[in-house]
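The values are calculated or read from the model by the stated rules, or taken from the named source; none is laboratory data. All figures in this text were calculated on a predicted structure; none of them were measured in a lab. Neighbour counts run over all protein chains shown; Cβ positions are idealised from the backbone, glycine included.
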Amino acid sequence: MSIGVVMAFIIVAIILAISIRSKSPEYSSLISVGLGLTIISLCLGRLKIIVSGLRDITAAIDIDKTYIVMLIKLIGIAYICEFAASISKDAGFGAVASQIELIGKLTMLMVSMPILIKLVESIVGLM
């Protein structure tokens, strides 16, 4: 599906959600969630291409696959948290959205901790 068709779909869904918001905000929120899930499903095809490219790069250079897996996990965590925070903001829960962003950042730090430890070990080993 081309980017133009996707953007047209998104714009139509947003206009629909805005027009419904004043009459029934719960349906507007459902449209927003449905739109987000649809966009994520459209992104999965593109994500498969990116993962395939990362596999090719990993095969070409001698790098531990754990680093690539961590990178993909970090990207996934970022997108999931951004999606959840956006839904929370749309529903009027700005404080919850901030907490989602915080837990996402802490989770990303936790997942990347082994890489940080290896980096520190390498730096200490050079001294």
Open item on the list: Take the conditions part of a helix (DSSP H, G or I), surrounded by 13 or more Cβ atoms within 10 Å (Cβ to Cβ) and modelled with pLDDT of 85 or more and apply them to C43. Does it pass?
Closed with: no
TODO: Answer yes or no: is there a residue in region 60-74 that is outside any helix (DSSP H, G or I) and either in contact with a Cys (Cβ under 7 Å, 6 or more places away or on another chain) or surrounded by 13 or more Cβ atoms within 10 Å (Cβ to Cβ) (or both).
DONE: no
Task: Selected residue (only one of S32, S41 is closer than 25 Å to I3 by Cα, under 14 Å from the mean Cα position of the chain (by Cα) and not hydrophobic (A, V, I, L, M, F, W, C)) - done: S41
Task: Residue within region 66-85 that is in contact (Cβ under 8 Å) with a residue 12 or more places away in the chain and over 23 Å from V51 (Cβ atoms) present - done: yes
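Each row is one residue, and each column tells you yes or no for (1) in contact with a Lys or Arg (Cβ under 9 Å, 6 or more places away or on another chain); (2) over 30 Å from A8 (Cα atoms).
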| site | (1), (2) |
| --- | --- |
| T58 | yes, yes |
| I72 | no, no |
| Y79 | no, no |
| S86 | no, no |
| Q99 | no, yes |
| L106 | no, yes |
| L116 | no, yes |
| G125 | no, yes |
TODO: Would you be able to tell me the number of residues in region 68-99 that are basic (K, R) and under 10 Å from the mean Cα position of the chain (by Cα)?
DONE: 1
Open item on the list: One residue is enough: does region 89-107 have a residue meeting the conditions at pLDDT below 85, closer than 30 Å to I31 by Cβ, of a type in the set (G, A, S) and out of contact with any Pro (no Cβ under 8 Å at 6 or more places or on another chain)?
Closed with: yes
- [ ] Output the qualifying pairs, or none if there are none: Cβ atoms under 9 angstrom, residues six or more apart or on different chains, first residue in region 37-48 and without any contact (Cβ under 8 Å) to a residue 24 or more places away in the chain and among the small types (G, A, S), second residue surrounded by 13 or more Cβ atoms within 10 Å (Cβ to Cβ) and part of a helix (DSSP H, G or I).
- [x] none
Open item on the list: Where the second residue is assigned to a helix (DSSP H, G or I) and the first is of a type in the set (V, I, T) and lies in region 7-26, which pairs have Cβ atoms under 6 Å and are six or more apart or on separate chains?
Closed with: I20/Y27; I20/S28
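Sort out which residues of region 80-101 are farther than 14 Å from G36 by Cβ and outside any helix (DSSP H, G or I), and write them in order of number.
Listed by number, the residues that qualify are G92, F93.
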Open item on the list: For region 75-88: of the residues being more than 23 Å from E26 (Cα to Cα) and at pLDDT 90 or above, which is surrounded by the fewest Cβ atoms within 10 Å (Cβ to Cβ)?
Closed with: A78
Task: Within region 10-35, tally of residues that are under 18 Å from R46 (Cα atoms) and either hydroxyl-bearing (S, T, Y) or at pLDDT below 85 (or both) - done: 1
